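Input: a single structure, listed below in structure tokens.
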Amino acid sequence: MPTPTFFAAALLGWYPRHRRDLPWRHTRDPYAIWLSEVILQQTRVAQGMPYYLDFLSSYPTVQDLAAAPEQEVLRHWQGLGYYSRARNMHHTAQQVVREFGGQFPATYAGLRQLKGVGPYTAAAIASFAFDEAVAVLDGNVFRVLARVFGLHSDIAAPSSRKEFQAVADQHLPPAHAAEFNQAIMEFGALQCTPAKPDCLFCPLQSQCWAFQHGQVALLPVKSKAKAARTRYFHYFVLRHGEELYLKERLSGDIWQGLYDFALAETDAADMPAAEVLRHVEALGGVLDTRRVAEDRPAPTLKHVLSHQKLEARFHAVELAAELPAAALQDTGLRAYSAAEIEELPKPVLISNYLAKVS
Ligand code: SF4
């Protein structure tokens with residue numbers, strides 16, 4: 001098993017020769033680092049980069065982000081999924097302005113007081129921006145530590161964090177905290193990868209427990225998540241003239257604040273035409289029978305979330321008249337032009353549908 005000196009020296013030697021040139025590595029601004037970390041928890045580096053650049057140019061400071069309307073922030077986030085993260089990010093920016101005078105706390109403990117800033121993000125900001133000697137633990141780091149030190153605890157179990165954190169902290173050289181943290185994460189992302197680690201040309205090979213014991217493919221131990229269940233959504237895309245009816249989703253779900261069509265959830269992928277009609281009537285709609293395209297199939301789009309799969313069928317309905325005011329009040333629906341819809345924040349499923357039919 002490697003000594004602290006060997007492990008840190010090997011990583012710090014490897015890092016300058018292999019690291020990717022990423023924009024958030026050129027800054028010590030805790031706001032920019034925080035933005036990059038929130039986005040990278042959500043997506044891969046290549047996909048996250050345009051979002052990072054867009055957020056920084058739209059909101060160059062934490063004050064700018066805090067002052068932005070929530071809908072606008074959600075619109076910039078669109079496509080990354082998990083809108084609750086964007087909302088939390090917005091609230092955190094407001095907290096930094098309100099409670100900390102617009103300055104991010106300069107310590108790990110201080111950063112942990114911020115809403116939505118967990119141990120990983122706090123450690124990343126504290127070390128990258130302020131050089132605090134605190135080790136980061138993300139999926140890449142868990143994997144590297146499990147293999148190199150032969151740690152067999154289930155990394156999906158919250159109780160394992162303490163053990164891995166202790167090992168990481170023990171090997172972190174206090175004078176090179178930021179670089180060590182960057183190095184171990186990059187090493188996990190590029191060299192000690194989940195499926196095809198490059199053990200042949202690895203500087204840790206001679207002291208790596210998993211390699212020496214032929215257990216690279218068995219580590220880290222990670223219990224399987226429950227199989228995702230499938231949910232069936234039926235969207236009623238009500239059109240009158242050039243306008244479509246959408247509504248804002250209210251609190252209590254992951255799409256809060258986003259706009260979608262009238263929706264019924266059932267336990268079947270299909271819905272007979274008569275039932276579609278019943279739903280439309282219940283929404284206050286009167287079908288324009290002259291314009292029903294009977295043989296036009298309702299498109300189905302699939303969308304995978306972390307614990308569920310969505311199968312969404314979109315029933316396009318031409319209305320003979322506008323929805324009555326009472327129905328609008330009951331349902332929260334409102335008619336929007338194509339240009340207005342373009343500006344609304346929407347779940348990716350809805351954006352994909354609109355792109356498909358435009
Ligand atoms: S030898 Fe293989 S398993 Fe061990 S650290 Fe290197 S790449 Fe990872």
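Side notes on the structure shown:
- Condition broken by Phe180, with the remaining ones in (1) within 16 Å of the ligand (Cβ to nearest atom); (2) in contact with a Leu (Cβ under 8 Å, 6 or more places away or on another chain); (3) farther than 30 Å from Pro30 by Cβ satisfied: (3)
- Helices (runs of 4 or more DSSP H) fully within the stretch 1-84 counting 1 or more residues that are closer than 30 Å to Gln212 by Cβ and touching a residue at least 60 places away in the same chain (Cβ under 8 Å): 4-18
- Taking the criterion of being within 9 Å of the ligand (Cβ to nearest atom) and surrounded by fewer than 21 Cβ atoms within 10 Å (Cβ to Cβ), the residues of the stretch 187-196 that qualify are Gln191, Thr193.
- If the condition is being within 16 Å of the ligand (Cβ to nearest atom) and outside any helix (DSSP H, G or I), then the stretch 139-171 contributes Gly150, Leu151, His152, Ile155.
- Some residue of the stretch 275-283 being free of Cβ contacts under 8 Å to residues at least 12 places away in the same chain, under 29 Å from Leu344 (Cα atoms), aliphatic (A, V, I, L, M) and surrounded by 13 or more Cβ atoms within 10 Å (Cβ to Cβ): yes
- Selected residue (criterion: nearest to Gly284 (Cα to Cα)) from residues of the stretch 193-214 that are in contact with a helix residue (DSSP H, G or I) (Cβ under 7 Å, 6 or more places away or on another chain) and touching a residue at least 60 places away in the same chain (Cβ under 8 Å): Ala210
- Restricting the stretch 51-98 to residues that are among the small types (Gly, Ala, Ser) and under 17 Å from the mean Cα position of the chain (by Cα), the residue that is surrounded by the most Cβ atoms within 10 Å (Cβ to Cβ) is Ala86.
- Scope the stretch 215-244; condition within 16 Å of the ligand (Cβ to nearest atom) and without any contact (Cβ under 8 Å) to a residue 60 or more places away in the chain; matching residues: Ala217, Leu218
- Test for Ala122: is it away from the ligand (no atom under 16 Å from the Cβ), in a loop (DSSP other than H, G, I, E, B) and either among the aliphatic types (A, V, I, L, M) or in the same structural domain as Ile33 (by TED's automatic domain parsing) (or both): no
The values are calculated or read from the model by the stated rules, or taken from the named source; none is laboratory data. A quick note: this is a predicted structure, and the numbers were derived from the prediction, not measured. Cβ sites come from the backbone with ideal geometry, for glycine too, and all protein chains shown count toward neighbours.
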